[in-house]
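The values are calculated or read from the model by the stated rules, or taken from the named source; none is laboratory data. This structure is a prediction, so every number in the text was calculated from the model and none was measured. Quick reminder, even Gly has a Cβ in these numbers, built from the backbone with ideal geometry, and neighbours come from all protein chains shown. Just the protein is used for accessible areas: all its heavy atoms, side chains included, with ligands, DNA and RNA removed. Shrake-Rupley method; radii C 1.70, N 1.55, O 1.52, S 1.80 Å.
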Amino acid sequence: KKQLEFWTVYEKKLKETGKIGSLQTPRPQYWFDVALGKSGVHLSNTFNTFENIIGVRVYISNKEADEWLPYFESIKGQIESEIGSKLNWNPNPENRDKVITLTKSFDLSEKSNWNEPIDWLVSQTLKFRTTFSQLIMEKRQST
């Protein structure tokens, strides 16, 4: 229930920016996906109620990992500069699916504390989406 409430507020605030046309319907789960324009590569926002951590991650399916993770890693400095943060690159190398993450701790126990974490997550989602969707488009046009 808490996850559904969080994602409902998040989805509303993200929609209000007018920067993303289509969004998934919020569900009672720990993630909320946002498309990047490439099948198998998308944003997956996370809401971890046990550790009080939220995050945004580029999720790269195992079918796309061999192509896209090395490409993104080859321009890591540019990506981190555009996003304005150091990212966690492939934190679980044994997993077949790959992720590039940015997380932050917040007090998520009370709904009254959610404004700051949701604003942070909306801001980071927009930065990630702008940066990674542009890179995907550029790479696809050059091949």
- request: Would you be able to tell me the number of residues in the range 97-121 that are over 17 Å from residue 43 (Cα atoms) and open to solvent by 40 Å² or more (accessible area, probe 1.4 Å)?
  value: 9
- prompt: Under the condition of being in contact with a Lys or Arg (Cβ under 9 Å, 6 or more places away or on another chain) and of a type in the set (S, T, N, Q), which residue from the range 49-76 is least open to solvent (accessible area, probe 1.4 Å)?
  reply: 61
- prompt: Mind checking which pairs have a first residue in the range 32-47 that is farther than 13 Å from residue 60 by Cβ and a second that is among the aliphatic types (A, V, I, L, M) and in a strand (DSSP E or B), Cβ under 6 Å, 6 or more apart or different chains?
  reply: 34/43; 45/56; 47/54
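Tally the residues that are in a loop (DSSP other than H, G, I, E, B) and in contact with a helix residue (DSSP H, G or I) (Cβ under 7 Å, 6 or more places away or on another chain), restricting the search to the range 13-37.
Initially, the range 13-37 is screened for residues in a loop (DSSP other than H, G, I, E, B), giving 17-30.
Imposing the further condition that a residue be in contact with a helix residue (DSSP H, G or I) (Cβ under 7 Å, 6 or more places away or on another chain) reduces the set to 17, 19-20, 23, 26-30.
Here the count works out to 9.
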- prompt: Within the range 31-48, can one find any residue that is over 16 Å from residue 136 (Cα atoms), of a type outside the set (Val, Ile, Thr), at pLDDT below 95 and open to solvent by 60 Å² or more (accessible area, probe 1.4 Å)?
  reply: no
message: Looking at the structure I just gave you, is residue 86 part of a loop (DSSP other than H, G, I, E, B), among the charged types (D, E, K, R) and open to solvent by 60 Å² or more (accessible area, probe 1.4 Å)?
response: yes
query: Here are 116, 73: which of them is within 25 Å of residue 140 (Cβ to Cβ), at pLDDT 95 or above and over 15 Å from the mean Cα position of the chain (by Cα)?
result: 73
